[in-house]
1. Once R0 is set to 25 Å, what does the formula 1/(1 + (r/R0)^6) return for the Cβ-Cβ distance between residue A:69 and residue B:44, expressed as a FRET efficiency to the nearest 0.05?
2. Out of every Cα-Cα pair in chain B, what percent are more than 16 Å apart?
3. Need one value for B:36-42: mean number of C-beta atoms belonging to other chains within 10 Å of its residues' C-beta atoms.
4. So for chain A, averaging the separation of alpha carbon pairs under 8 Å that are six or more residues apart and normalising by length, what relative contact order in percent results?
5. Which FRET efficiency value, to the nearest 0.05, is calculated for residue A:30 and residue A:83 with the Förster distance at 30 angstrom and r the Cβ-Cβ distance?
6. Considering every residue in A:87-95, what mean count of other chain Cβ atoms within 10 Å of its Cβ is obtained?
7. Calculated FRET efficiency, residue A:41 and residue B:68, Cβ-Cβ r, R0 22 Å, to nearest 0.05?
8. Give me the distance between the Cα centres of segment B:64-104 and segment A:1-49, rounded to whole Å.
């Protein structure tokens, strides 16, 4: 049973560029959340998608946007990249009706902005 | 707002028992979760306390006291592979609240 799959695993971008990160949730999960994790810190919530809608957003600027597709996979887009956007981006999937229980995380995409 | 406080680092000996504490300030939440993350890896769900008391899963136990705004993760019979970062996390209660808020994590080093 495949868990959460994220691509790419590593990415180097130049300041000002745009990036798209992709996530396939665990089989049977219908909800996808995106987190940003800086080195030595806990994951910070970016947003969550359910039924192809963004249903909650964390304290991130509009440069961060996302999408969920009918097959529950999701994309995270970041425009006008800043050096401070360098981080590990984690995707987590869950089942909406069991939201209080464990999220399944992917191994993340390591984004470096130069 | 909400905040979760954890010790930044803990060191323990292989075979011993270690407790990682988490204190929080939130207005209301559904429960306290714990995640493990090895360097370069994905956070992995360990346990969830929806109610006060102790939950046991193999070598791991987790405890919650809402009245004390406090919880902990207890790891027994420590193994070298338990060296990792451990995060407590809460999901706030309320309509439209779905995000999981994480502490900054505790880096556990298990030494021989």
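1. Numbers: r = 26 Å, r/R0 = 1.03.
That gives a FRET efficiency of 0.45.
2. Details: 3489 of 6216 pairs.
When all Cα pairs of chain B are counted, 56 percent exceed 16 Å.
3. Details: counts 0, 7, 0, 0, 5, 3, 12.
Other-chain Cβ atoms within 10 Å of each residue's Cβ, averaged: 4.
4. The normalised contact order for chain A reaches 37 percent.
5. Working: r = 35 Å, r/R0 = 1.17.
Given R0 = 30 Å and the Cβ-Cβ separation, E is 0.30.
6. Values: counts 0, 3, 0, 3, 1, 5, 0, 3, 0.
Partner-chain Cβ atoms within 10 Å, mean over residues of A:87-95: 2.
7. Working: r = 26 Å, r/R0 = 1.17.
Here the calculated transfer efficiency is 0.30.
8. 21 Å
Read-outs: derived from the displayed coordinates by stated rules, not from any lab. Keep in mind that this is a model prediction, so the values were computed, not measured. Heads up, the Cβs are rebuilt from the backbone with ideal geometry, glycines too, and the neighbour counts pull from every protein chain shown.
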